[in-house]
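One structure is given below, encoded as structure tokens.
No lab work stands behind these numbers, since they all come straight from the coordinates. Just so we're clear, the structure is a prediction, and the values are computed from it rather than from any experiment. In this analysis, Cβ positions are derived from the backbone assuming ideal geometry, glycine residues included, and neighbour counts consider all displayed protein chains.
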Amino acid sequence: MGNIDTKLKEAIANISPAFVATSDKKGLPNVSAKGSFRVLDDEYVVFADVRSPQTITNLEENPLVSAIGLNAATRKGWRIWGKATEILTTGDLFDRFNHEYQSKGGVKHVVKVKVEKAFVF
């Protein structure tokens, strides 16, 4: 059983965008909004890189990820911590995102993150 329960799945589906934090090997942080952030299964979340070269560079140096989604009006949200396990440039998952984002020029990468800790607030 993974770390993504039903409450978290619902929260991620209903609160967007996600703000994804990464850092380079020296620890310099970067935060990037991800409207593509979604649950893949009970263990993984995924998001697309449409125009986020620093996010990908950071993940290649340091795979740790933190992400948050917040509905400012209700002050409800979710938060996850995990590790990027794959940065995809081909395959079914990549093709699905690329097709979905074709009107925006497609995607450059799809990032798969194994969730290690998460909660809904």
Mind checking which pairs have a first residue in region 1-24 that is closer than 11 Å to ASP41 by Cα and a second that is surrounded by 17 or more Cβ atoms within 10 Å (Cβ to Cβ), Cβ under 6 Å, 6 or more apart or different chains? GLY2/GLU43; ASN3/VAL115; ASN3/ALA118; ILE4/VAL39; ILE4/VAL115; LYS9/VAL39
Could you please find all residues in region 14-36 being touching a helix residue (DSSP H, G or I) at 6+ places or on another chain (Cβ under 6 Å) and either closer than 16 Å to VAL115 by Cβ or crowded, with 19+ Cβ neighbours inside 10 Å (or both)? THR22, SER32
Looking only at residues that are of a type outside the set (Phe, Trp, Tyr) and touching a Phe, Trp or Tyr at 6+ places or on another chain (Cβ under 8 Å) in region 47-69, which one is farthest from ALA118 (Cα to Cα)? VAL50
Can you tell me which residues in region 101-121 are part of a loop (DSSP other than H, G, I, E, B) and either of a type in the set (A, V, I, L, M, F, W, C) or closer than 14 Å to VAL39 by Cα (or both)? VAL107, PHE121
